Structures are given as structure tokens and as C-alpha cells.
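Data first, discussion second: the structure below is written as C-alpha cells.
The values are calculated or read from the model by the stated rules, or taken from the named source; none is laboratory data. This one's a predicted model, so the numbers in the text were calculated from it and none came from an experiment. Neighbour counts run over all protein chains shown; Cβ positions are idealised from the backbone, glycine included. Quick note on the areas: whole protein, heavy atoms, side chains included, nothing else; ligands and nucleic acids left out. Shrake-Rupley method; radii C 1.70, N 1.55, O 1.52, S 1.80 Å.
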Amino acid sequence: SVLKPIEGASSDKEGTLFQRRNSPVYHDFDDILIPGELRLNRKMSSVFQTETVAAGVLAFSGKIDTQTLIQFFKDNMAKDNWRWISGFKGTSSLLIFEKGNRWCVITVTGVGYGTQTNVWVAPKTN
């Protein structure tokens, strides 16, 4: 698999690589916008990329209200032509989207005063 290098990455006290941004940004999936309040954790992420396919999981954490985060994804995924399929809201929330020949599953879990968010992308199979 191929992972993109992290420009301007810093290391926390445990040595886990995080990437910080202030405004929303696209990471390895160029059609899934991520809020700037979330930090990318490359050690917990894994993305497989070819010229035509990007699949895997990106792990994020940050201090952002769960309901605000869920609404951010619903609004911005629609702007990038993802179709919301279904989801669950609770202590752990799940959002399921579909676009073309791919699925995107986003999990949001409240952790202390912040959230742990995973963005999974997988190709559909016939």
C-alpha cells in the first residue's frame, strides 16, 4: 500500500504522528472533507491507493461536538456527491454513504471532551 507523506507533521509525547489544520481539508480521499478541528493519526490509519482506487481507513481525534461533526459530514459529503444511506446516533454514531462504486462509513465516538472519528472507504463488489 502507498501512504502519502505528512507535510508539517508533529509528534506527540508518545511518538504518534498527528497532522493539524485550522480549516477543513481533504486527506487521502480527495472527495471527503474533514473538519480542521480533527487531527489525523497516521499510525492508526491505513490507505491503499492505485491510479483508480483509494480505500482504507483514516483515524482522527479532536475536540468537536458530536452533533456538529455529524452535521458537517452530512452537509459536506452531499456537496461532494456522496449519497447518505443511513446511520445511527448515540454514544457511538455511524454514518453510511454511497458514491458510484464506493461505500464510505464514518464512525464518531465521544471520548472524554472530544471525539474519535474513523473514515472508512471501500469499493463495492458485484
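So for region 13-126, if I pair up every lysine 8 or more residues apart or on another chain, how many of those pairs have alpha-carbons under 16 Å apart?
Close lysine pairs found across region 13-126: 5.
Semi-axes of region 50-109's equivalent ellipsoid from the Cα gyration tensor, sqrt of 5 times each eigenvalue, largest first, rounded to whole Å?
21, 14, 11
Leaving out ligands and nucleic acids, note down the accessible area per residue over region 27-126 with a 1.4 angstrom probe, in whole Å².
53
Along the Cα→Cβ direction, 7 angstrom out, place labels at THR68 and LYS89. What is the inter-label distance in nm?
So the two model labels end up 1.6 nm from each other.
May I ask for the net charge around TRP84, where only other residues with Cβ less than 9 Å from the Cβ of TRP84 are counted and Lys, Arg are +1 while Asp, Glu are -1?
Every neighbour counted, the sum reads +1.
Convert each backbone phi in region 86-92 into a coupling constant with the Karplus relation 6.51 cos²θ - 1.76 cosθ + 1.60 (shift: θ = phi - 60°), then list the ³J(HN,Hα) values in order as whole Hz, x for Gly and Pro.
With coefficients 6.51, -1.76 and 1.60, one gets 5, x, 10, 10, x, 4, 10 Hz.
So, with a 1.4 angstrom probe, what is the percent of accessible area on region 17-95 that is carbon and sulfur? Provide the component values of the computation, followed by the final result.
Values: 2230 of 4350 Å².
Looking at region 17-95 in its full context, I get 51 percent from C and S.
In nm, to one decimal, how far is the modelled label at VAL111 from the one at ASN22, with both set 7 Å along Cα→Cβ?
2.6
Rg and Dmax in Å for region 26-126, alpha carbons only: what are they?
Answer for region 26-126, Rg first and Dmax second: 12.9, 41 Å.
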